[in-house]
Amino acid sequence: MEQVTELSYALDTFYFLVCGALVMWMAAGFTMLEAGLVRAKNTAEILTKNVGLYAIACIMYMLVGYNLMYPGEPILDGFLGQFSVLGRGDNATAEVLASGGETYYSGLSDFFFQVVFVATAMSIVSGAVAERMKLWSFFSFAVVLTGFIYPMQGYWKWGGGFLDAMGFSDFAGSGVVHMCGAAAALAGVLVLGARKGKYGKDGSVKAIPGCNLPLATLGMLILWMGWFGFNGGSELKLSNVEEANAVALVFVNTNMAAAGGLVAALLLARAWFGKADLTMALNGALAGLVAITAEPLTPSPMAATLIGIVGGLLVVPAIVFMDRTFKIDDPVGAISVHGVVGIWGLLAVPLTNTEATFGAQIAGIATIFGWVFFTSLIVWLGIKALMGVRVSEEEEYEGVDLGECGLEAYPEFAKTGD
Amino acid sequence: MEQVTELSYALDTFYFLVCGALVMWMAAGFTMLEAGLVRAKNTAEILTKNVGLYAIACIMYMLVGYNLMYPGEPILDGFLGQFSVLGRGDNATAEVLASGGETYYSGLSDFFFQVVFVATAMSIVSGAVAERMKLWSFFSFAVVLTGFIYPMQGYWKWGGGFLDAMGFSDFAGSGVVHMCGAAAALAGVLVLGARKGKYGKDGSVKAIPGCNLPLATLGMLILWMGWFGFNGGSELKLSNVEEANAVALVFVNTNMAAAGGLVAALLLARAWFGKADLTMALNGALAGLVAITAEPLTPSPMAATLIGIVGGLLVVPAIVFMDRTFKIDDPVGAISVHGVVGIWGLLAVPLTNTEATFGAQIAGIATIFGWVFFTSLIVWLGIKALMGVRVSEEEEYEGVDLGECGLEAYPEFAKTGD
Amino acid sequence: MEQVTELSYALDTFYFLVCGALVMWMAAGFTMLEAGLVRAKNTAEILTKNVGLYAIACIMYMLVGYNLMYPGEPILDGFLGQFSVLGRGDNATAEVLASGGETYYSGLSDFFFQVVFVATAMSIVSGAVAERMKLWSFFSFAVVLTGFIYPMQGYWKWGGGFLDAMGFSDFAGSGVVHMCGAAAALAGVLVLGARKGKYGKDGSVKAIPGCNLPLATLGMLILWMGWFGFNGGSELKLSNVEEANAVALVFVNTNMAAAGGLVAALLLARAWFGKADLTMALNGALAGLVAITAEPLTPSPMAATLIGIVGGLLVVPAIVFMDRTFKIDDPVGAISVHGVVGIWGLLAVPLTNTEATFGAQIAGIATIFGWVFFTSLIVWLGIKALMGVRVSEEEEYEGVDLGECGLEAYPEFAKTGD
């Protein structure tokens, strides 16, 4: 019997680790997506930002974030990366067996799963501020977001704080992760301003196409795959019939919502623009994924498809109006995909989950958005005062790659300065 | 004891989900492979095709395909994506425990695994018709293939139909998936015709090189990795010693066949053309993978390597003769890789599996090929009559990206129209 | 009870297979990393090298390598790929149940896991000799390294040989895999010489930038992900509380060391060169991964981060001095990343693992380095005498792609000969 308990513990731990590795893989997805959607002259810098922010997120979350977010978890001792007995102690087995099923997986596997989530939130920011932000200002913000801003609101929901107590429902983070990242990105874009030449004084809007769409497509497909870990792992348990069925349903619904979002955005773009706009298809799939993230467990696969379809239908006008009407310059559409559609996902929860209410969802949205947006705004303004946030006009014209990284991403293919 | 049964159910479900995620990842493999093997001016469109067909396949298979293929499975209620009790019901645990081991994994995990297979079959088509087909004609065909044509022949073999009853042997789909895709592709290419300038009136054949071989190589490596899920998951069970050993052997044989196919094609290309043709090496690896898919369980690793080697030796002349002799314009060699080598894989089954016969294999090949080819031909001709299948000559010259998608895949790197 | 033993066997086997698939995926990582760091005109050849060496490694290791390295394992019969009863026999279940827990996973899953390690070692070589080595000379060396040189030293440590007996500690192969590859690469570079134009007669050093940094970044991220399998699978067991905790710790430490290495190298490059050099950040992450590979189990996550930081701080000057001072032309920095940092990783083991000693570590380093370097040197010199190792000057100028592969990697983007 004890062997069965141990085996069950091992399976749930392995499930966490596999899902965590898939979420870590999403870092590659964001990196490729964003690198494909910027111009060649700004590619090396956005690559540097993405790999750098992932590393920073891991370190900050180990040092302070995890303990801020999960103060009751006896995994980390004293905010310094010293993991306690449950992770590796001599009597770990005895403790697990004595816990009566409460300790059913390795705390370290949970830390691994959580840490890759933090990086996801921060990845959303990098796309929105692309092509004109100072690299080290960006990294400074990453330190604060991943160490403090994200963990605080994460605690309110997943750490057992007041949002959880009031019935706010967010299965895998349409709000805690995606809208959080979008709110921080919006604050950054407002402080930073649009790229040079993006909006003319006569009100004209210039489209600035991405330089490498196969990379962007690869990034979307990586994110789609990684999302099976993101949502699938958020069930937090696999080891009995009910939980295994739940995880399987989450996988299916995640897949269906992405499919629905992609098809809907592609058809809408075809009808609206007359062309099958690939970038809209990519954003449609991501919108479907963001939309289902708040509740992938209670919808039927058909309902999940519809939730994704609405996400795909929302993201196309969101990107268009954000750009043309509000003149918010978000090169990859991150604020629309993760923010606007993240809100849709949260509001859709009560449609299939009878335990959720619109009131609690709206309260959660307002709380998370307000907290992240205003703290981020303060931090961005502070960084602006201390070290500046924007590269020089000349550097922006030449490309941030040369100015910030001292090298070019495609030295043989593209000329700088175009 | 009940806990052990539940744990076993959870492990088999997880095994299905992990393998399914790997097969979904093959969508990225086909996308990158095909994007790397076409010209820059047709890249955005083939990206759109690949992500679009994956989404369509998921939706159509949920709506009708799965129930057509597995009519006896109580997973989907009434063809509309309403998954039934086994997936999520309140008494699922009791049903599993009462089933005496018959219900040993989540039906939804099986649906997830199956749905990614459908997309694989359709992915094969997109490469063969690249660079000149209308996007929406392609998507229309995708609806029919994934909703009807594929599931029908899938039912005949894997759903318990007459091909299964007569002893046709196809472990993971050299026929049901790969040759099926190739037959549909062949019908499409015949209706569509060759690319402009491909074959001169004087009988000359122009080589049209792919624009991005690192992408194509990445695609092949993604497919190699995903194939561990494709073949490994097709054992359908993992949770005891015999099954675990079987799955391990399938992984090893899949890997060895790909290695054999790659080396064989590379050596043959070196001997025949005087050069180590990378595209032949990539197709050789894929040929090895297709060849072993019909039976990865009964060969020894050495025999699997030999089956892959024969696949690699077949694919090189198949591509050359298809192009030069038969003037069938298949830009990525999909018909040779998945069709010709798929047939080899099916014929190789009796060499190591004593339960298979050449007669049944030939009957299965003829049935699947005949069904898929002729129904596809009718559908392609119908689409041609209704909406046309081919872009205008001018559009083809300029590249289908601008005409169909309204954007360029590499706006800074390559000029259109070359 | 027997069912529990079988289930445990299945879980451990699945864990091996999943980790093995992740390590196989590292082949794609090396391929993309190296393809991104060479010039466009040499890209197709390095792609061919990487996919070819992986296939050769699998075949040679099956034919002779595995049995050389693990002579006591009853997996392979007689060096010819005929796997024995434990893999697939009729009484496999009875043997497992009778073994009292000793046979706790499929021998074939171990073979699969091991075979992808061999390829990793060989992948290290291809980057260092890039842009000027004859393709078939490289493949000839790959046959010898993967069939003989690697398995011999692998036996000394992991097969139960004298290095293991004397207390040399190398958890997942900082020495057996990474330093081994670096030593073979160093011997190759010394025999081969530098690229034309790299070092001027006046002592000047020309920087030759890589042509596709998004690919190189993708490669690094693939390697990061694959390393969870590389280190995580090297615990060799998962199925009880203690082992599951150990695997989780290995995942966490692997992730933290990479993060530490990346940040450290980026900061050092910023301080030293004044720019956030992306290629140094990539090499820093890989250095962190190589450094933790020798012992990812005994450090706390904080200590793992520090071990990675030191790796990142070492790799930047190692690359600079190797290039400027020693004029060893290693286009991708492989010798520094895998050799210099591999040694650091081995020397760091006694800092956290009380069972390891500096004496044994130094003896192991000297033994492995000496064995691999000198046997490789002899083989390289033999290949040089028999078939030459270096392409002609004209071929090098035009790019090895045309000469060796007869095609270009980016025919529409880049001109040859620059």
List, please: which pairs have Cβ atoms under 8 Å, are six or more places apart or on different chains, and start with a residue in segment B:190-206 that is closer than 16 Å to B:LYS134 by Cβ and end with one that is among the hydroxyl-bearing types (Ser, Thr, Tyr)?
B:LYS196/B:TYR397
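Hey, which of the helices (runs of 4 or more DSSP H) in segment A:44-140, taking only ones fully inside, have at least 1 residues that are modelled with pLDDT of 90 or more, more than 9 Å from every other protein chain (Cβ to nearest Cβ) and in contact with a Pro (Cβ under 7 Å, 6 or more places away or on another chain)? Reasoning before the result, please.
Values: elements: A:66-69, A:85-88, A:92-98, A:107-128.
Those helices (runs of 4 or more DSSP H) span A:66-69, A:107-128.
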Among the residues of segment A:195-206, is any at the interface with chain B (Cβ under 10 Å from one of its Cβ atoms), farther than 26 Å from A:SER376 by Cα and either touching a strand residue (DSSP E or B) at 6+ places or on another chain (Cβ under 7 Å) or open to solvent by 10 Å² or more (accessible area, probe 1.4 Å) (or both)?
no
Taking the stated definitions as given, is A:ASN212 within 30 Å of B:LEU33 (Cα to Cα), touching a residue at least 60 places away in the same chain (Cβ under 8 Å) and within 23 Å of the chain's Cα centre (by Cα)?
yes
Output the number of residues of segment B:161-181 satisfying the condition of being open to solvent by less than 10 Å² (accessible area, probe 1.4 Å) and not in a loop (DSSP other than H, G, I, E, B).
9
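Could you identify the single residue in B:GLY219, B:GLY193 that is touching a Phe, Trp or Tyr at 6+ places or on another chain (Cβ under 7 Å) and either at pLDDT below 95 or within 30 Å of C:PHE413 (Cα to Cα) (or both)?
Numbers: B:GLY193 fails: touching a Phe, Trp or Tyr at 6+ places or on another chain (Cβ under 7 Å).
Only one candidate passes the filter, namely B:GLY219.
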Return only the number of the condition from (1) touching a helix residue (DSSP H, G or I) at 6+ places or on another chain (Cβ under 6 Å); (2) closer than 17 Å to B:MET166 by Cα; (3) open to solvent by 10 Å² or more (accessible area, probe 1.4 Å) that B:ILE343 does not satisfy.
(2)
Quick check on segment C:309-317. Is at least one of its residues free of Cβ contacts under 8 Å to residues at least 60 places away in the same chain, within 17 Å of C:ASN255 (Cα to Cα), within 18 Å of the chain's Cα centre (by Cα) and surrounded by 21 or more Cβ atoms within 10 Å (Cβ to Cβ)?
yes
Open to solvent by 30 Å² or more (accessible area, probe 1.4 Å), under 21 Å from A:CYS180 (Cα atoms) and hydroxyl-bearing (Ser, Thr, Tyr): does that describe A:THR325?
no
Subset tally (residues that are open to solvent by 10 Å² or more (accessible area, probe 1.4 Å) and under 17 Å from the mean Cα position of the chain (by Cα)) for segment B:226-241
1
Check C:TRP380 against each of (1) away from every other protein chain (no Cβ under 14 Å); (2) open to solvent by 60 Å² or more (accessible area, probe 1.4 Å); (3) touching a residue at least 12 places away in the same chain (Cβ under 8 Å) and name the one condition it does not meet.
(2)
Inside segment C:389-412, the number of residues satisfying the requirement of being open to solvent by less than 20 Å² (accessible area, probe 1.4 Å) and in a loop (DSSP other than H, G, I, E, B) is 5
How many residues does segment B:5-34 contain that are facing chain A (nearest Cβ under 8 Å) and of a type outside the set (Gly, Ala, Ser)?
13
Restricting to segment B:281-308, name every residue that is open to solvent by 10 Å² or more (accessible area, probe 1.4 Å) and touching a strand residue (DSSP E or B) at 6+ places or on another chain (Cβ under 7 Å).
B:SER300, B:MET302
State all residues of segment B:328-338 that are part of a loop (DSSP other than H, G, I, E, B) and either open to solvent by 30 Å² or more (accessible area, probe 1.4 Å) or of a type outside the set (Gly, Ala, Ser) (or both); if no residue qualifies, say none.
B:ILE328, B:ASP329, B:ASP330, B:PRO331, B:VAL332
When you scan segment C:367-377, how many residues do you find that are open to solvent by less than 20 Å² (accessible area, probe 1.4 Å) and hydroxyl-bearing (Ser, Thr, Tyr)?
1
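Residue under question is A:LEU278, and the condition is that it be of a type in the set (A, V, I, L, M, F, W, C), touching a strand residue (DSSP E or B) at 6+ places or on another chain (Cβ under 9 Å) and buried (at least 21 other Cβ atoms within 10 Å of the Cβ); does it hold? Spell out the reasoning first.
Values: of a type in the set (A, V, I, L, M, F, W, C): yes; touching a strand residue (DSSP E or B) at 6+ places or on another chain (Cβ under 9 Å): no; buried (at least 21 other Cβ atoms within 10 Å of the Cβ): yes.
For A:LEU278, the condition - of a type in the set (A, V, I, L, M, F, W, C), touching a strand residue (DSSP E or B) at 6+ places or on another chain (Cβ under 9 Å) and buried (at least 21 other Cβ atoms within 10 Å of the Cβ) - is not met.
The values are calculated or read from the model by the stated rules, or taken from the named source; none is laboratory data. Remember, predicted model here, so these are calculated numbers, not experimental data. Reconstructed Cβ throughout: ideal geometry from the backbone, glycine too, with neighbour counts over all protein chains shown. All accessible areas refer to the heavy atoms of the entire protein, side chains included, with ligands and DNA or RNA removed. Shrake-Rupley method; radii C 1.70, N 1.55, O 1.52, S 1.80 Å.
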